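Derivation of every value follows stated rules applied to the coordinates shown; laboratory data play no part. All values reported here derive from a predicted model rather than from experimental measurement. Here the Cβ positions follow ideal geometry from the backbone for every residue, glycine too, while neighbour counts run over all protein chains shown.
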Amino acid sequence: MLLERINSPQDLRKFPQKQLPQLASEIRQLIIDTVSKTGGHLAPSLGTVDITICLHYCLNTPKDIIVWDVGHQAYCHKILTGRKREFHTLRQKGGLSGFPNINESEYDPFIVGHGSTSISTALGLATARTLKGTNEKIVAFIGDGSLGGGMALEALNHAGHLGQDMLIILNDNEFSISPSVGAYSRYLNRIITNPIYNRIRKQMQDLVKRIPKVGSAAFRAARRLEEALKTILIPGIIFEEMGIRYFGPVNGHDINALLEVLKNVMPLKEPRMVHIITKKGKGYKFAEEAPSRFHGTSPFNVATGEPKKSNEFTFTDAFSQKLVELARTDKEIIAITAAMPEGVGLSPFKEEFSNRFFNVGMAEEHAVGFAAGLAKSGLVPVVAIYSTFLQRTYDQIIHDVALQNLHVVFCVDRAGLVGEDGPTHHGAFDIAYTRHIPNLVCMAPKSQEELMAMVEFGIEKIKGPVFIRYPRGGLKSAVGNQHPVARIELGKSEVLRVGKDVAILAIGCTASPSLEAAHILSKDGISAEVVNMRFIKPLDDEFISKLCQRINYIITIEDGCIKGGFGSAVLELLNRLGIEDIRIKTLALPDEFIPHAKRKQLLSDYALDAKGIASSVKEFYTQMREIKWQNLK
């Protein structure tokens, strides 16, 4: 196998060009075999194998730099850059990240798992290179829907203005700017990437500049001719008008064509874009036929494409089911997402209410601003976005929604720890970045059934902005059966278990392990009261105040960051009420970026599972009792 001989891009460059297609096939097979066991982003990375090989073949990496956008397209890049032998550890605890990672390799300039970022960061690198007087090549790789993001468009505008030497690879795996993808397009690219053509083009521009401008009909005519020729000959005229040379579209799976284009455009000293057309899931039949399903996949059977574990009823399923049910009787409900209708569970809504469903693409800020306009007109927009991606909309939530006190319902999937996708995708910060916003109501359900009740409550009973956060996957505990969903009232909590020694104030999915922890503690003679707080904002001030009159030891638990989170809110309340004789401990995620591992493993590592909670509560209660006893002595 050719792949056995590659441990770095330097090894790759020793291969004759004719062997590269075989190498691409071997890399695809390794990706398929690995992801079938570990799960991961299969379809995007299969589509970028050929262009990745060609970039490393033409560039002198790591001196020359490739900046990845939506880093889930970079599996081939990892394999070629010295991580082949560790690739089987992909997304596993202590193993390779599913995204480019500066802690893994000098070939990765940034940790990146979000879209629309590469052109901005690459432009920064290119500008720094110019200021420092070095000569490395800078390549920004963007695609998989990222070009529609506002940050990418802003970066394109600035790149054209600065005129820095940088190459942008536009990986188009869904649509073509131009239908010319066949023989004519290849012929056109041979012409416009040829050094002779570019020299003639430069001479033509110089000639036009020498014609007197003032009152010159010849100058105006020459300019019109130049623009007309560009419009006819160049499919990417919009990029040309922004000051970015455009080449393409090119077949992204034709290695010979890609190398020809790259070798011709590399010497140019201006911002330029090579537009490639790829097939998401290339090389694996099932991923080609269902690229959305294999965009991010759990482990699967390679022979059949079927997932290895059965489907569970998840929080996402509960949200999806309830929203469709409500929309059947309430025609003012509108569903909005940003490029992830399947991931957030809106595909059933789209099928039944296509005229009330809007996928705005990878443009979260616009999604929230768009929702504000709908809400202002009396409709009820439900914005479903992953917690990590909602971070981008912080200003829109404040400025466009909360300041106007508009009824927008944010259903925030993947809150808390998401598992193998790691620090770029954990929803650790949403409590902290939303609970301080005026007018916003923040809720978190203990179970899938309670989520359905909260969605209904948020849509029908609240008139301002609503934020409902819930985790990835489902809740396997019997908490829903033990404690059927009680009626939801604004800012009111629910006692799940009465106790007298310590009180555990749990928010969202931490309620279930807290109940299990209380059972463990009872075996050690510690009576723990467990409260499902339900509301992060407004807090149940009255209940907490009365609780403090009978229990002196309180533990708050959340699956979010410790700074500014739910525990902080309780501490602020006690301070505001002047309650001083209470001992309180906050259990949450520490002030650090959380690595990747299975969600169950991370909950155990950070003592947020039943065993960890019980241990923390017991230690806290024992220490506080000893201190109290010593003070009494």
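Within the range 1-114, the proportion of Cα pairs with more than 16 Å between them is 54 percent. Couplings for the range 597-612, taken from phi via the Karplus curve 6.51 cos²θ - 1.76 cosθ + 1.60 with θ = phi - 60°, read 4, 4, 4, 4, 5, 5, 4, 5, 4, 9, 6, 10, 9, 4, 5, x Hz in order; Gly and Pro are left as x. When the inverse distances between all different Cα atoms of the range 486-632 are averaged and flipped, the Kirkwood radius reads 15.6 angstrom. Other residues with beta-carbon under 12 Å from the beta-carbon of residue 554 carry, at +1 per Lys or Arg and -1 per Asp or Glu, a net charge of 0. Remark on residue 473: its backbone amide H falls under 5 Å from those of 315, 316, a criterion applied only to residues 5 or more positions apart or on other chains, H modelled at 1.01 Å from N. Dividing the mean sequence gap of close Cα pairs (under 8 Å, 6+ apart) by how many residues the chain holds gives a relative contact order of 11 percent. The H on the amide N of residue 443, modeled in the peptide plane, is under 5 Å from the matching H of 467, 468, 469, 536, each at least 5 residues off or on a different chain. Between the amide H of residue 496 and those of 530, 531, 532, distances stay under 5 Å, these residues lying 5 or more places away or on another chain, with hydrogens modeled in the peptide plane. The modelled label-to-label distance between residue 153 and residue 266, using points 7 Å beyond Cα along the C-beta direction, is 3.4 nm. For a straight C-alpha distance cut-off of 22 angstrom, the lysines reachable from residue 282 (same-chain residues fewer than eight places away being disregarded) are 18, 37, 78, 84, 308. Using bins of 10 Å that start at zero, the share of Cα-Cα pairs per bin across the range 563-604 amounts to 23, 40, 23, 14, 1, in whole %. Label-to-label distance for residue 355 and residue 4 is 6.3 nm, based on points extended 7 Å past Cα in the beta-carbon direction. Two numbers describe the Cα atoms of the range 546-625: Rg and Dmax, which are 13.9, 42 Å. With a cut-off of 9 Å between beta carbons, the residues surrounding residue 288 carry a summed charge of +3, where Lys and Arg count +1 and Asp and Glu -1. Counted by neighbouring Cβ atoms within 10 Å, the residues 265, 250 run from fewest to most as 265, 250. Stretching the chain fully between residue 162 and residue 25 yields a gain of 45.4 nm (0.36 nm per residue, less the alpha carbon separation). The radius of gyration of the Cα set in the chain, together with its Dmax, comes out at 28.0, 102 angstrom.
The Cβ shell under 15 Å around residue 271 holds other residues with a net charge of 0, Lys and Arg each +1, Asp and Glu each -1. A quarter of the convex hull surface defined by the alpha-carbon atoms of the range 315-469 gives 8.0 nm² as the mean projection. Computed about the Cα centre, the dipole magnitude for the chain is approximately 1420 debye when only Lys and Arg (+1) and Asp and Glu (-1) carry charge, each at its Cβ.
Simple rule: put +1 on each Lys or Arg Cβ and -1 on each Asp or Glu Cβ in the range 56-138, find the dipole, and look at 75, 133, 95; the Cα lying farthest toward the positive end is 95. Modelled this way, with points 7 Å down the Cα-to-C-beta line, the labels at residue 60 and residue 619 are 5.3 nm from one another. Taking the longest Cα principal axis of the chain as reference, the axis of helix 566-577 is set at about 50 degrees.
Couplings 3J(HN,Hα) of the range 446-461, computed from phi: 7, 8, 4, 5, 5, 4, 4, 5, 5, 4, 5, 4, x, 7, 9, 10 Hz, in residue order, whole Hz [Karplus 6.51 cos²θ - 1.76 cosθ + 1.60, θ = phi - 60°; x for Gly and Pro]. Taking Cα centre as origin and charging only the Cβ of basic (Lys, Arg, +1) and acidic (Asp, Glu, -1) residues, the dipole magnitude of the range 315-469 rounds to 400 debye.
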